[in-house]
Amino acid sequence: MDYIIEAIVACFLLLGGVFMFIGSVGLVRLPDLYTRLHAPTKATTLGIACILLASTIMFSIKNGTLSVHEWLITLFLLITAPVTANMIAKTALHHEIKMLKRSKGHDLMEPARHRAAPCQEKEQE
């Protein structure tokens, strides 16, 4: 039984390491800020979730009780990483950081910069 659990934990650790590596390579290789935001928010967050899931399984089996700390950390990361990336993208948009011309959606950048917030649109009507 211990062998099966250790194999499952090893698979989650390996999968998490692969996702973390892919996210790190994407962070270095992608050309501009807007595309670089995808690497840490998607691949790296999923990698950390796999590693924390492996930790939860291992310590829950070893200690005989459910380990809640890892679940709380995973939940916190899965909630805050996309929100942080969204805030960074909005700040970059506000500060008019350039997007590469070959990036998909480049033509939507200028209209989005000059669009009013939804609450301001209602006041103008």
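Nothing in this text is a laboratory measurement; each read-out follows from the coordinates by a stated rule. Because the structure is predicted, anything quoted here is derived from the model rather than measured. Cβ: placed from backbone, ideal geometry, glycine included. Neighbour counts: every protein chain shown.
Each of Y34, Y3 has some number of other Cβ atoms within 10 Å of its Cβ, and from fewest to most they run Y3, Y34. The packing ranking of peptides 4-14, 45-55, highest mean first, is 45-55, 4-14, where packing means the average number of other beta carbon atoms within 10 angstrom of each residue. The gain in end-to-end length when the L93 to A10 segment is fully stretched comes to 25.8 nm, 0.36 nm per residue minus the alpha carbon separation.
Residues R36, R29, arranged from fewest to most other Cβ atoms within 10 angstrom of their Cβ, appear as R29, R36.
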